[in-house]
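The values are calculated or read from the model by the stated rules, or taken from the named source; none is laboratory data. Just so it is clear, the structure is predicted and the values come from calculations on it, not from any experiment. Here the Cβ is made from the backbone with ideal geometry for all residues, glycine too, and neighbour counts use every protein chain on show. Quick note on the areas: whole protein, heavy atoms, side chains included, nothing else; ligands and nucleic acids left out. Shrake-Rupley method; radii C 1.70, N 1.55, O 1.52, S 1.80 Å.
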Amino acid sequence: MPLSAAAAVAAAMTVLVAAAVPGAAASAGTSPGAPASGVPASGAPVPEAPVGEVVGAAPLPEADLSHHGYVSFSGGHIAIRIRSENLGPSDVTASTVRLRFSAPLAMTQELPYGCLRSGKATVLCETGGLRSGGGARQTALDLQPAGGPDEVIVRLDTVWNGGVRDTDPKNNVHQVLAPATGDAYVF
């Protein structure tokens, strides 16, 4: 998914799941044109699909995206280094990392290639394709918060994972408190 499309997904963050039930009939006493209740005529319960999956569709390939690195904050600059990798078993065609900050970012600053702003305090960065067990991708950012805070909280997660099912999402979701001391805080 291109980064611009990932930005739209991140902004909306709305998932709509619609399922049609074959053979469903409108309940007795319902007026014509009214929506059906979603209960089959037999009265048997309809099995629910897990969120994000379509009933009857092929299972999604599995992968394990992992983001690790550090955050340091001093002299009005937030330095972030991210190492993104795929621990497998399937390849990931593309992924996008979202960084959300507790303070708004300065309006004018240069972002590295493959990164864009998605609001006052959010940056999205694409990692590109990640082969299963292959090399990691590095992302380096040097950002300036607006207003000169004494500390900043950075929340990092994957907003797009190439359409695979992540078997261990805990290793790609992080929150780091970085006081303006210049120390590197590892995630």
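For the stretch 145-179, what are the residues that are touching a residue at least 40 places away in the same chain (Cβ under 8 Å) and among the charged types (D, E, K, R)? Matches in the stretch 145-179: GLU151, ARG155, ASP157, ARG165, ASP166, ASP168.
Filter the stretch 123-143 for residues that are assigned to a strand (DSSP E or B) and hydroxyl-bearing (Ser, Thr, Tyr) and give the result. If the condition is that a residue be assigned to a strand (DSSP E or B) and hydroxyl-bearing (Ser, Thr, Tyr), then SER132, THR139 are the ones that fit. As for the stretch 81-100, it holds no residue that is over 25 Å from THR167 (Cβ atoms) and either of a type in the set (Gly, Ala, Ser) or open to solvent by less than 20 Å² (accessible area, probe 1.4 Å) (or both).
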